[in-house]
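Everything below concerns the one structure shown next.
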Amino acid sequence: MESGYVTTPFGRRPMSLGMLASQQLAETIEPGMKRSKWKLFRAICEARPALGVTDRALTVLDALLTFYPDDEISEEKGLIVFPSNAQLSLRARGMTPATLRRHIAVLVEAGLILRKDSPNGKRYARRDRAGAIGEAFGFSVAPLLARAVEIESLAAQAVADRELLRVTRERLTVCRRDISKLIAAALEEGVSGDWEGISAMFRALLARIPRVATAEDLAPLLDEMGLLRAEIVNMLERRIKTKKTDANESQIEHHKQNSNPNSNYELEPSFETKQGEKAAADNGPNAGRLSAERRLKQQKPSGGMSNGAGGVADPGAGPGLKSFPLGLVLQACPSILDYGPGGSIGNWRDLMSAAVVVRSMLGVSPSAYEEACSGMGPENAATVIACILERGGHINSPGGYLRDLTRRTERGEFAIGPMLMALVRANGPAARHAS
């Protein structure tokens, strides 16, 4: 294409700024640049939605490229094709002239080809005495060469998006299957828990899956389903561990009953407890605190406390209870951020420090919070305090509510996951910056 040359369309077709911009872009082809026309065409097909062209328009582009004499598009070999309407219609699968003109206009509008019309609107080429083409009038494929890098980048992105959608759909399908069968197993085994509520939550998630979805549409649903599946697995694991504990206690009791009744071992006098003293200790004003202390002493020493955002087992949590990712907790309960050190929360230690401040503000007694830390684990207790703060005026007695949740946790009847998921949905996208 001649440098600085501007061509306007023949007849009644108007000139537009878009056409002028495409012509200017076609002049920016780097010297020596070449591309395989069919590889470039496949890239255009991959990037079709981003380029704004239809499949029928690509059929016309395919037919136009068959008139290009070489497999590689380059400036040295010319960039103009000049087929007649009859020949172009044949190679476009018998497309009618009117349909051809409409889809050619789509290609021009998308900036994939240019018109270089002759004075009378016909398509032809002038050749010199040696048979070489001197000047041609028809359709220029220069924009394809000028936009080759852009088109290849769009095609690569389209392929990556399609692969991400495929993987996301597969994970969602597996997650749906897992949740369905785990709920069925829980009901069949008679595991205690609010399975009716969990089933209703699962059905609500299924109803939100759109018929035609992108990876961005499915990602939050996959996150919520993954959270629900993790919570169901936690409940079932607690049931399994409870069965093992009951079996071990039964074996220990059986061993005690069959031990030698004539044993020479006796209790040291200083460790004997009178019946009246034991009853007074169990029923005294510090009974709750002593009970919590006994539970704390019975727990094995942990190897440390996680301060990351991963959803791994909490070393400080109660038996079988797992903590949730810190980012998810802050997404569900953004109000707790104001009470962290310096007005922010960067790890679990910051969250637990904020929970102590909020506990006092809500009027939760130290003994109630201590029992929650013992029964749930310090991270989960801090998470529950953050949830209570987020729910605000909906809870009349935060202290009593926390004690009730602690007792239900010890019986394996309370799960934090559904509470967090409900708050995530209530806060919506506005709280996502907290994660």
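Details
- Accessible area ranking (1.4 Å probe, heavy atoms, ligands and nucleic acids excluded), largest first, for I395, I133, I44: I133, I395, I44.
- Label-point separation, V357 to E188 (7 Å along Cα→Cβ), nm: 5.1 nm
- Full-stretch length increase - N85, D161 - with 0.36 nm per residue and alpha-carbon distance subtracted: 23.6 nm
- Where a label projected 7 Å from the Cα of M33 along Cα→Cβ would reach, residues of the range 66-85 with amide N under 20 Å: 68-81
- Length gained on full extension, R407 to T54, computed as 0.36 nm times the residue gap minus the Cα-Cα distance: 120.8 nm.
- Label-to-label distance, nm, for residues given as K77 and R211 (7 Å Cα→Cβ offset): 4.6 nm
- Potential extension, H394-R101 segment - 0.36 nm per residue separation minus Cα distance: 98.9 nm
- Residue-normalised accessible area of the range 334-398, expressed per residue, 1.4 Å probe, Å²: 39 Å²
- If R0 is taken as 22 Å, the Cβ-Cβ distance between A204 and D178 corresponds to a FRET efficiency of 0.80.
- Residues with amide H under 5 Å from that of E72, placed H, sequence gap 5 or more: K37
- Heavy-atom accessible surface of the range 85-210: percent carbon and sulfur, 1.4 Å: 53 percent
The values are calculated or read from the model by the stated rules, or taken from the named source; none is laboratory data. Keep in mind that what you see is a predicted model, and the values were worked out from it rather than measured. In this analysis, Cβ positions are derived from the backbone assuming ideal geometry, glycine residues included, and neighbour counts consider all displayed protein chains. The protein model used for the area step is the full one, side chains on, heavy atoms only, and it has no ligands, DNA or RNA in it. Shrake-Rupley method; radii C 1.70, N 1.55, O 1.52, S 1.80 Å.
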